[in-house]
1. Under a point spin-label approximation (7 Å from Cα along Cα-to-Cβ), what is the E717-D680 distance to one decimal in nm?
2. Subtract the Cα-Cα distance of R245 and R609 from 0.36 nm times their separation in residues, and report this length gain in nm to one decimal.
3. Could you give P(r) for segment 401-518, binned at 5 Å from zero, as whole percent values over all Cα-Cα pairs?
4. Sorted by accessible area with a 1.4 angstrom probe, largest first, how do L859, L596 fall?
5. Determine the dipole magnitude for the chain: charges of +1 sit on the beta-carbon of Lys and Arg, -1 on that of Asp and Glu, nothing else is charged, the reference point is the Cα centre, and the result goes in debye to the nearest 20.
6. I need the peptides 309-316, 287-294, 398-405 ranked by packing, meaning the mean over residues of other C-beta atoms within 10 angstrom, with the highest value on top.
7. Could you state how much accessible area E502 has, in square angstrom rounded to the nearest 10, with a 1.4 Å probe and all protein chains kept in place?
8. Arrange the peptides 488-494, 815-821 so that the one whose residues have, on average, the most other Cβ atoms within 10 Å appears first.
Amino acid sequence: MSDDEVLPWVQYGELLDHLTTALVVLDNNVVVYANAAAARITGRKSATDLVGLELSAVLAPDVYVPIQKACETLCQRDLPAVHLTGVAGSDGQKRRFLDIHVARLQVGARCTIVLLLYDQTPLTCALYRSREAEKRLADLIGTLPGVVWEYDRRRRAFTFISDYARVLTGCQTELFLKDSSVFFQQVHPDDLERFQEIWQQFKQTQQPSSWRFRLRVGEPSGEWRWLEAKIVPVFDDDGNLVAARGVSYDIHREVETQHLLEQRTQQLEALIQFSSRFVEVQTEEEVILALCDLLNCTLDFEYVAIYLRRQNGLVEKAVVRHRTVGWEEVELNLEEGDSRLRDVLAGRIPYFLSQDTLRDVSEREREAWTRILGDHLRAFSNAVVPIRGRTQVLGALAVDRRDTGEPITESELSMLLTIGRYVGLALDNVRLMHERQVAEERLRHLVQNLPVTVWELNLATRQLDFVSEYVERWLGYTPEEWQANPAMYRYVVHPEDVETFERVINPDVSSPPQPVELRLRDKQGRWHWCRILWSLEHEHGRDPLVRGVTTDITEQKQAEQQQLHLMRLRSLGEIASGVAHNFNNLLMGISGNAELLQASLQHDRELQRRAEVIAQLAHDASAIVKRMQGFYKLQPPTRRERVRLRALLEDVIESTRPVWHDLAARRGANIVVRLIAEGDPVVKANRSELHEVFTNMVINACDAMPAGGAITLRLGEREGKAVVEVADTGIGMSPEVKEHCFDAFFTTKGEHGSGLGLSVSYQIITRHSGQITVESEVGKGTVFTVYLPIAAESETMVGDPHQTVSSSNLRILTVDDDEAVRTAIMHLLQADGHHVTAVSDAASALAQFEPGLYDVVILDLGMPHLDGLSLARQLKEISPSVPIILLTGWGDQLREDKPPEVDMVLAKPVRRATLRAALLQLAKR
């Protein structure tokens, strides 16, 4: 460039200095011109300070480098200019943002680079601050639990929508900005129509006020989420609605909370309603139905199962079909195995909850679920809660959502636990009620089956509140009859006992209750003795009561009368036994001497006959004594022996002769007694008891014939039983008397009868497995028939031997304190050729006795100082092999139970032949 050329920047330099744009001219990368603005941008005091400097020395590297590259690009590509924007640099003091225009200017032959630097620092800073503000606003909007949006009505599109729309719906915000209908597709169908109505109303509004409404939009998971939209209209200067700005807040948690609160309130109201129902239920089945109804009202489960534990360790599952509850036994061992249901039932865990049941259960349970669900196998929620009573787990409630797979919430679990507790308490009440009913039924059954009458009298109403059923079996009157007519006691209680009974039903509160005994008449007119135990009760809030237990003591009274009867017999027996013993001793002397006279008077037949008469009379007297002993002899009821009924009846006839012959003749009556024996059956019985039975019948027959008549005893056999008929020709019995003749204390003899004779006879025959019947007609007499089982075949009964055998030359020691008896025995034995030593007491016998000295010892039982049995015991100690005969007036009694000290028992008076047979029998041993 020549000096004469005037360059434009020189020509117009003063003008260029007023530009706000910096101008820098470079020649070979050296500044040849810079205006004032360039000095300001580069931080120089004046423009002249820049001239002559390398461009790299003028600009910071972050500005110089882009310019250098732009210059190279101009030259390489032969471009006229390059524009650089947003170049940031620093002048050492502050950072600047420049827009740079790099141009190539051809001046003559030289290529000059012209730089125009626009200082954009204020604008860039403002833009940066604006962008920062926008970013902060976007971040703030992004944190809001809602969608911020702006809708341009004219363009029918969203001009802005916050990123929460993507979070909420899963759709990118660009999709909403591109197509606004996408938003409406996310609205719940139930809310879309209402939303469109509100939107139409909004478009027609002229008011600047905001609008609010709620709607649901879809989530990516497919769930619906509640939003509350607040819309503000935007108007232009003419008042036309041009846009709408709004915020759609996420109120899903608030709505869910409100819904949960409402649901919980409904559940609590249902619980309160069903609590009264749970109180009223009376069976387990009613509890199960109430539980199902409660679950339907409060919770939503596709599957519900109810399990109950039983006392025997089993578990049963309730099966409900058409409002009917059944039970199925479940194979579940509460002690072994791996099962969440088992753990809950056994109380090992408080509950079980899983949102993925197939993941959280045991392998065995997973296999069971797989079999149940089949192809529908998928994750689902499941819960098992205990049905807990007051003290233990009574069962379990299992629920799941196998169809929908929805989770079971904590609120639902809490409700299930509460329901389980309610049901447990209801089952406790039902079981306690059942136990109480069972106890009451058991007590009622016990009371109704006790052989006593339990009753309760209300003293305020004078009504019988309760009477047990036994009273009907006992007296024939039903409980209803007693309750309908409380005054019935006036003709049921014996007239002599009414005053006693009224002390019970009209008690004196100042005196303690005392048991009473009285007589009651049944519907058939029979009298029964009873004992009443009673108490006076004053229960709070109830009328005073008299509670009593009435026991039939008729048999006890009968037993007492029998005991008195037996005591009298025992006393008479003791007297008779003593008298018989003395008589037997006397008869022994008479009988023995008479038999000796018979043997010594063979030359004088007349005297011999008289001696024989004496002996026979002694024998007859002995038979009378024996019968007297038999009549008063007392034996234990279990003592049974073979009894020939013919001999027994003959004894009865002879023993009652004083009644039917002597007493009847005294009052001018003639009674004939006869025995017709069509056989001689043998029975196993207590002889004295049978003797008493037939004696009572004969005596009753005599009483029934005050003017005389005939008594016939007929003996025979019929159908394998012994049959005894006692018939009289007396006055007979009416049907009423006949019906009660075997009742205890029933008598037609007034004070002269005890009413026990036939009752005792009936019991004796019954004990012997027999029967007794009666046939009678007024004016035609009475027939009593006794049936007894015939004894089985056994050894032949042995009577008194009459053999005329003898065994002579025996050495015999006889001991008896009665001289007449001792002498008679000695003479009888000596007459048979025996060697006899006779002594009067035990001491003399012991002095005489030596081992081997005597072949037989005959001794009496009752002797002074030492009785016969004691003497026999000492003799056996001296010589155990010596045979001993006990000859005593009590021989008949002792023969039945022979003392071990003796070898044989003989009764006084003993016949010579009997004594000979005994000695022969002992000699054969």
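1. Each label point lies 7 Å from its Cα, and together they span 1.3 nm.
2. Values: separation 364, 0.36 × 364 = 131.04 nm, distance 16.50 nm.
Fully extending the segment from R245 to R609 adds 114.5 nm.
3. The calculated distribution, bin by bin, is 2, 8, 11, 14, 13, 9, 6, 5, 5, 5, 4, 4, 5, 4, 3, 2, 1, 0.
4. On the way: L859 0, L596 35 Å².
Per-residue accessible area, sorted high to low, gives L596, L859.
5. Numbers: 103 positive and 131 negative charges, 267 e Å.
Here the chain has a charge dipole of around 1280 debye.
6. On the way: 309-316: 13.0, 287-294: 20.4, 398-405: 17.2.
The peptides rank, most packed first, as 287-294, 398-405, 309-316.
7. Estimated to the nearest 10 Å², E502 gives 60 Å².
8. Numbers: 488-494: 14.6, 815-821: 20.6.
Those peptides, ordered most packed to least, come out 815-821, 488-494.
The values are calculated or read from the model by the stated rules, or taken from the named source; none is laboratory data. Worth saying up front: this structure is predicted, and the values here are computed from it rather than measured. Cβ coordinates were reconstructed from backbone atoms using ideal geometry, including for glycine residues, and neighbour counts include every protein chain displayed. Surface accessibility is based on the protein's heavy atoms, side chains included, excluding ligands, DNA and RNA. Shrake-Rupley method; radii C 1.70, N 1.55, O 1.52, S 1.80 Å.
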